[in-house]
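Have a look at the structure below before the remarks.
The values are calculated or read from the model by the stated rules, or taken from the named source; none is laboratory data. Keep in mind it's a predicted model, so treat the numbers as computed, not measured. No Cβ is skipped: glycine too gets one built from the backbone with ideal geometry, and neighbour counts run over all protein chains shown. Accessible surface is based on the protein model in full, side chains and every heavy atom, while ligands, DNA and RNA are left aside. Shrake-Rupley method; radii C 1.70, N 1.55, O 1.52, S 1.80 Å.
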Amino acid sequence: MCGIIGVTGRNDAAEIVVEGLKRLEYRGYDSAGVATVNNGKIERCRAEGKIKNLERVLDENKITGNTAIGHTRWATHGVPSEKNAHPHATERVAVVHNGIIENYLKLRKELESKNYKFVSDTDTEVIPVLITSLLDSGLGKKQAVEKAIASFEGAYAIGVIFADEPDFIIATRHGAPLVVGYGDKVNYIASDALALATETNRICYLEEGDVAEIKKDIVKITDKQGREVERKITISSLSAISIGKENYRHFMQKEIFEQPTVIGDNIHAYYNPVTSEINFPKTDIDYKNISKITLVGCGTSYYAALTATYWLERIAGVEAVAEIASEFRYRKPVLPKNGIAVFLSQSGETADTLAALKYCKLAGQKIVSVLNVVQSSIGRESDLILPIYSGPEIGVASTKAFTTQLVTLAFLALQIALHKKPEDKDKINAATKSLMELPSYISDVFALDKQIEELAADLSNYKNVMYVGRGVSFPIAMEGALKLKEISYIHAEAYASGELKHGPIALIDENFPIIAIAPNDELFEKSASNIREIAARGGKIILIGDKHSISQLKDVCYKYIEMPSLEGDENIKSIISPVIYSIPVQLLAYHTAVHKGTDVDQPRNLAKSVTVE
């Protein structure tokens, strides 16, 4: 969601901040701003819209100083506008903030009663005003910040600069991520290590309640009890190269085509082909006696979780339920003894997912996390962390993170199966080995890119699209519909094929494209029957299937995409199929969005990392 970066110790601080904000654009935002300290004053520039608008303002109104903070805002309180953009400031203090101050109205009224003025509609503005009021009462800077945050309810990552101290930043976090970057006579803060990729690779992750006092040559961190602490400095593997588009038109396109590589990295991390063993981190989880697996995620991560339930129940023989994180804990679900809860989040900071995790932890569940950022809030709360090894994903619409989540979950299902069903070891080992073929299958699908692009040109003319699938193809249909709607803005919905006759089939006519995902698996005959029901109502069927399914249904198809034919038993097909069938639905959404001229990497109203509920 919102992005933060700050620097102290650089004469070109504002420029450094703007470049860092550009690396955070993938998170989604609707305004941006920068503030510096210069000659005892806060200097500030803000702009609605993209960072290029901020750059134009900065060209006309240069701001200087060796300390700066900047922010990309995704609107929560108050519409996108310059007055609501961060940093928010008084004459004494400027602040950038991720998260939500839930009790801001109460605090604002108290401050207004003391004649302090507000000019924005945001919850964030209460932070600099409250800190200013505490400074006015005689408190020191750190004491004022600590007293202010003690009164906040909600989540926050905050960076603060002061007009009368040009080489100083205070940073603190609670419920939202914040990192400190270490340089040579220069130090940084950021909401995401990616923002610092070109500046430093030495970072530390602040923990809940930490307060960091940052100068160009020193960082002092105290915990929520006020004790000075040392946080581990890690070496980030991110680089300027890893976040570039290279020769691709969009980050999303690049990330689609990186999937054979990152899936290969994932497989090599988890599987030893010489010993035919799955290599998982050590854990005290008793795989054999797991009673139930609860998988929790949002959006794309939820669809990955839903896919995994088929594998866990079919192959591992354990009850598995996928849950939408934002709904999960409000039902007060009953969680059994010896249950595990699996949490999927690319950033590891998804607020709904983190809240669900804490609920499960209190209920005595062992916590497994499937993450792209290991040193994240969710990672730190987990009994077992399973990294997905996808590398940085900049495009808001997830592609390679989704498929590497799927592969990681497949390994988890197979690992549990080995303990639950030792009598099926040979079949399980064969299914595990089959994962090694995924990069080759996906590379074969890329040969269809031109055909998919031509199909997308036609699809871009429609306002409504339906996706259908059965079994493990149903979550992929849901993911395909999500991809299409979020980047092309075409209304798209997905249904289990067998559910069409229970209502959705009423929508179908000759102007309604239906994308049917129908590989030749054990449910193909059922899928074929459903597809013919669509054809009988005049629906324009776009079939994504293999040679067999196309031969059976070609006569009723408007268009089709011929996928590779899969070898192996039904367990193998159920694991391989969802991963490779994810590729054409990603490409179809991508090319449709390009034809429509939408903002592929930063679609409207969306954010990459959702750090508020």
Report, by residue number, each residue of segment 466-506 that is part of a loop (DSSP other than H, G, I, E, B) and either buried (at least 18 other Cβ atoms within 10 Å of the Cβ) or among the charged types (D, E, K, R) (or both).
-> 470, 471, 472, 490
Kindly indicate the residue of segment 27-42 that is farther than 19 Å from residue 129 by Cβ and either touching a helix residue (DSSP H, G or I) at 6+ places or on another chain (Cβ under 7 Å) or assigned to a strand (DSSP E or B) (or both) and also most open to solvent (accessible area, probe 1.4 Å) among those meeting that condition.
-> 38
Scanning segment 513-538 for residues that are among the hydrophobic types (A, V, I, L, M, F, W, C) and part of a loop (DSSP other than H, G, I, E, B), which turns out surrounded by the fewest Cβ atoms within 10 Å (Cβ to Cβ)?
-> 523
Using beta carbons and a limit of 6 Å, which pairs, at least six apart or on different chains, have the first residue in segment 514-533 and touching a residue at least 40 places away in the same chain (Cβ under 8 Å) and the second one outside any loop (DSSP other than H, G, I, E, B) and open to solvent by 50 Å² or more (accessible area, probe 1.4 Å)?
-> 520/548; 522/570
Please work out which residue is surrounded by the most Cβ atoms within 10 Å (Cβ to Cβ), limiting yourself to segment 365-403 and to residues that are in contact with a strand residue (DSSP E or B) (Cβ under 9 Å, 6 or more places away or on another chain), in a helix (DSSP H, G or I) and in contact (Cβ under 8 Å) with a residue 60 or more places away in the chain.
-> 377
Qualifying positions in segment 537-564 - over 23 Å from residue 453 (Cβ atoms) and touching a Lys or Arg at 6+ places or on another chain (Cβ under 7 Å) = 556
Out of all the residues in segment 263-297, which are part of a helix (DSSP H, G or I), modelled with pLDDT of 90 or more, of a type outside the set (Lys, Arg) and surrounded by fewer than 18 Cβ atoms within 10 Å (Cβ to Cβ)?
-> 287, 289
From the list 220, 224, 185, which one is of a type in the set (Lys, Arg), assigned to a strand (DSSP E or B) and over 21 Å from residue 25 (Cα atoms)?
-> 220
Could you please find all residues in segment 164-182 being touching a helix residue (DSSP H, G or I) at 6+ places or on another chain (Cβ under 8 Å) and not in a loop (DSSP other than H, G, I, E, B)?
-> 165, 168, 170, 172, 174, 175, 179, 181
Filtering segment 298-335 down to residues that are part of a helix (DSSP H, G or I) and open to solvent by 20 Å² or more (accessible area, probe 1.4 Å) yields 302, 303, 306, 310, 313, 314, 326, 327, 329, 330, 331
In segment 63-116, which residues are part of a loop (DSSP other than H, G, I, E, B), modelled with pLDDT of 95 or more, open to solvent by 80 Å² or more (accessible area, probe 1.4 Å) and farther than 30 Å from residue 9 by Cβ?
-> 113, 114, 115
Does residue 463 count as over 17 Å from residue 515 (Cα atoms) and open to solvent by 40 Å² or more (accessible area, probe 1.4 Å)?
-> no
Does residue 131 count as over 23 Å from residue 9 (Cα atoms), open to solvent by less than 10 Å² (accessible area, probe 1.4 Å) and either modelled with pLDDT of 95 or more or more than 29 Å from the chain's Cα centre (by Cα) (or both)?
-> yes
Contacts under 6 angstrom Cβ, first residue in segment 69-88 being free of Cβ contacts under 8 Å to residues at least 12 places away in the same chain, partner surrounded by 23 or more Cβ atoms within 10 Å (Cβ to Cβ), 6 or more apart | none
Taking the condition out of contact with any strand residue (DSSP E or B) (no Cβ under 6 Å at 6 or more places or on another chain), touching a residue at least 40 places away in the same chain (Cβ under 8 Å) and surrounded by fewer than 20 Cβ atoms within 10 Å (Cβ to Cβ), does residue 568 pass?
-> yes
